Structure formats: C-alpha cells, structure tokens
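A short worksheet on the structure shown next.
Rule-based calculations on the coordinates, nothing more; no lab input. Everything quoted here is computed from the prediction, not taken from an experiment. No Cβ is skipped: glycine too gets one built from the backbone with ideal geometry, and neighbour counts run over all protein chains shown.
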Amino acid sequence: MKIPVVKKVLEANERIAEENRRLFAEHGVFVINLVSGPGAGKTTLLERTIKGLKGQFRFGVIEGDIQSTVDAERVASPGVSVVQINTGGACHLDGNMIRGALDKLDLGRLDVLIVENVGNLVCPVEFDIGEHCKVMLLSVSEGDDKPLKYPLIFHESRLLLINKMDLLPYVDFNVEKSRRESLKINPHLEIIEISCKTGDGLTSWFDWLREKVGER
C-alpha cells in the first residue's frame, strides 16, 4: 500500500527537519522557505533583497532546481554564501537535502538563510525543511484562481507577496479577489503587493523581514 510508505517518508523528513531547526536556533539564523510556481520571480526577489539589505544582514541562500546552476549564479555576490541543490527530477526540497547543504554553509556567519524551493505549488508545501516560515510568491501573470486551485500552500504560508504588479494593466488578474480568497483560506496571512522590476512595494517587504528577524 502507498499510504504507509508516504507516512514513513514524511515522518523521516520531519525528524530531519527538527534537527535542522535545532541547528538554526543554535546559530540564531532566521530561515525562510521561499515557494512559488515557476517564473513567479523568486530569484529576482532574492537579488533585490540581497542588494536592498546589504550591510544590514548577512545572507545565505540555498537554491533548489531540477537542473543547472543558473539561479545560484545570479544571486551569488561578495559576502553571500550560496549552495546549489539539483534534485535531478524531484519537484521539491526536503529536510535531508537541506541538511546536506548546511555542511557547506557557516551558519555562525549568517543572519538570514533563504531557501529558494523548486518552482511548484504542490510538492514543496508537504515537506518541512526546518524553516521558521514559508513565504509565497504569486505573480499576477499566473492568474487569480491559484488560492482556489492550490489552497494548502496559501494555508501554510506566513506571507504572500503578489509580484509583477507592473503587469496588472496587461493581464486578467483581480487583486481584491485574490486577497479575499487567500484570506478565506488563511485569515492570518499577511499580503504585500510588489514589483521586483520597478521596486514598488519592496520597502514593505524589507520592513517585514527586518521585523521577523528582530523577533528572533
């Protein structure tokens, strides 16, 4: 039967995720699991965040992709530790993959670790990696029906960033509908509208990040 096998996989992942969580706590690192569908703008958000908060936080990044190091090369910059994980076909990162990547990072020299998960709105939400919170990125070009189609990722996320607001005049996306449906699923979900291209809304995202790191 498949159900017992799946249960064992998730239980094993949870144990490793707890080990990761203890490591993060020991070193005082705030960890974000950044999730979205493909092309929503996760890597561009990372680039803008690292540049915008340079000198305020010491960043580490774990890049998850099925293949290539394209995104890792984009976010790599002086003072930023980047580790690439190629899943070879798996549609998500799990606790064990993250644990292996941590051996390549000096957690004692980091304030914030952002894990850019594989672009997928289903699988990543099922696997705890030991993060403090999930941040979801949704671009207006993807459509406003995503809360109805993929409710779990909205339920499990702490913050929803609605990206590519500069494209709003050119796409069929109802911002208020998206907000309303998202908050039905998760009344505690915080929502910020941004454009990584123009920079609009990024100050609010930076303020949110500062606040959460400060709480740690």
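Pairing each residue of the stretch 62-82 that is on the phi < 0 side of the Ramachandran plot with any residue that is assigned to a helix (DSSP H, G or I) and among the acidic types (D, E), provided the two are 6+ apart or on different chains, yields C-beta distances under 7 Å for E63/D71; D65/D71; R74/E47; V75/E47. Among all residues of the stretch 25-40, there is none that is of a type in the set (D, E, K, R) and buried (at least 21 other Cβ atoms within 10 Å of the Cβ). If only residues of the stretch 112-158 that are in contact with a Pro (Cβ under 9 Å, 6 or more places away or on another chain) and either among the acidic types (D, E) or part of a loop (DSSP other than H, G, I, E, B) (or both) are counted, the one that is farthest from A76 (Cα to Cα) is N120. Taken over the stretch 161-190, the criterion of being buried (at least 17 other Cβ atoms within 10 Å of the Cβ), hydrophobic (A, V, I, L, M, F, W, C) and in contact with a helix residue (DSSP H, G or I) (Cβ under 6 Å, 6 or more places away or on another chain) is satisfied by F173, I185, L189.
The residue that is surrounded by the fewest Cβ atoms within 10 Å (Cβ to Cβ), among those in the stretch 102-128 that are in contact with an Asp or Glu (Cβ under 7 Å, 6 or more places away or on another chain) and of a type outside the set (V, I, T), is D128.
Tally time: how many residues in the stretch 24-77 are charged (D, E, K, R), in contact with a Leu (Cβ under 9 Å, 6 or more places away or on another chain) and either farther than 18 Å from L102 by Cβ or not in a strand (DSSP E or B) (or both)? Count: 6. For the stretch 41-64, the set of residues classified as in contact with an Asp or Glu (Cβ under 6 Å, 6 or more places away or on another chain) and of a type in the set (D, E, K, R) consists of K42, R58, E63, listed by residue number.
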